[in-house]
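Accompanying notes for the structure given below.
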Amino acid sequence: GLQSGCCDFIHIRNVYHHFENPPAMLADLGRALKPGGLIGIIDFDTDNHLSTSNVPDIRKNHGVEAGTVVEEVKAQGFELVRRVNDWQGRDSRFLLLFRKH
C-alpha cells in the first residue's frame, strides 16, 4: 500500500523468509522505492531448530539461505550492493543490501 516512489530505503528484518510470493512482494517494494533506492534485508539461514508450521510452502525450513535471497531479489532487477555474513556476530544471520536501478 505504499505510494510509488515514496521511499529512499526499505528495511526488512527477519520476515523475508515468510514472503509467500517473493516476486510480487519485491515488485511492489520496488515500485515504492525512488530510483537508486535501497532495500536492506536481514534474515537467518535454515540451519536452525525452529518450527516450520508457520512458513510458506515455497520454503522447506524456517529461514532462508542468503544465496536464495540474492537470486530472488536480483531476478527482480535489483543490484546487490553489499553482503554481510555473520550479522552482529551471529553465524546464521546475514544482511543483504540491494539498489534499485
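The values are calculated or read from the model by the stated rules, or taken from the named source; none is laboratory data. Just so it is clear, the structure is predicted and the values come from calculations on it, not from any experiment. Virtual Cβ from ideal backbone geometry, glycine too; neighbours counted across all protein chains shown. Note: accessible area is taken over every heavy atom of the protein model, side chains too, but ligands, DNA and RNA are not part of it. Shrake-Rupley method; radii C 1.70, N 1.55, O 1.52, S 1.80 Å.
Quick check: the distance between the Cα centres of the range 73-96 and the range 11-34, to the nearest angstrom? With the range 73-96 and the range 11-34 each reduced to a Cα centre, they are spaced 14 Å. On a per residue basis, the chain carries 59 Å² of accessible surface, using protein heavy atoms and a 1.4 Å probe.
Helix 22-32 axis versus longest C-alpha principal axis of the chain: approximately 30°, rounded to the nearest ten. From helices alone, the chain scores -6000 deg cm²/dmol at 222 nm; the rule is -39500 (n - 2.57) for each run of n ≥ 4 DSSP H residues, then divide by the residue total. Counting 0.36 nm for each residue step from Ser4 to Asn85 and taking away their Cα separation leaves a gain of 26.0 nm.
Looking at the chain, the pairs of alpha carbons with a distance over 23 Å make up 24% of the total.
Label separation (Ile58 vs Ala75): 0.7 nm, computed from points 7 Å beyond Cα along the C-beta direction.
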